[in-house]
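The block underneath contains the structure these notes are about, expressed in structure tokens.
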Amino acid sequence: VSINYDGTTIGVGNSFTVAGSVRIFRKADPFDFSGTAYSQLGSEINNVYAEVNIINAAGLGNSIDFDKTGNRIVIGAADSASGAGGAQAFIYNGSDWISHGGVIPVDVTAPSVDLAFGSIVSMSSDGNRISIVSMKTPALPGPNDNNITVLELMENYIQGPDFRHLLFQNGIFL
């Protein structure tokens, strides 16, 4: 479960189903402080709808986070068939959620085999940076600590937005 800063947008992940899914709800009238009516915003994001299914992520919705406005979301999928997982960002286009920045599988961002990559995700208030946590990194020397990867959105006018610019990994700013 995640909520944007002013409480007008709520995301609820269901990673316990075979494919996993996320539903996003928005308060009908953000200025009605006495009401509690929320309605679903766009389609349910599930493993068929999301591109994360290319990594067989069964835990889609394991972790979610919004930008400040609630119009961008990053979704983690930590329980994949391979044990690795991934993440994906979406943007609300006024009627539905569309992929924004492509799929972020573990093999793109980390030199090691991370387990539960996408178990915790976070998005900056402007939606241009995301962090993704893997719970264990057994291929790295030392204890099996968490690994944090921070990516920045790069606007590519040919291919569109892409979260591939690596800023931080394994305790090192790049």
Of the criteria (1) surrounded by fewer than 17 Cβ atoms within 10 Å (Cβ to Cβ); (2) of a type outside the set (Gly, Ala, Ser); (3) at pLDDT 65 or above, which one Pro141 fails: (3)
Some residue of segment 2-10 being at pLDDT below 75 and on the phi < 0 side of the Ramachandran plot: no
Options Ile120, Ile148: the member that is at pLDDT 85 or above and open to solvent by 50 Å² or more (accessible area, probe 1.4 Å): Ile120
Of all residues making up segment 40-62, the number that are modelled with pLDDT of 90 or more and outside any loop (DSSP other than H, G, I, E, B): 1
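The values are calculated or read from the model by the stated rules, or taken from the named source; none is laboratory data. Computed from a predicted structure; not experimentally measured. Glycine gets a Cβ as well: all are built from the backbone with ideal geometry, and neighbour counts include every protein chain shown. Remember, those area values only see protein heavy atoms, side chains included, never the ligands or the DNA or RNA. Shrake-Rupley method; radii C 1.70, N 1.55, O 1.52, S 1.80 Å.
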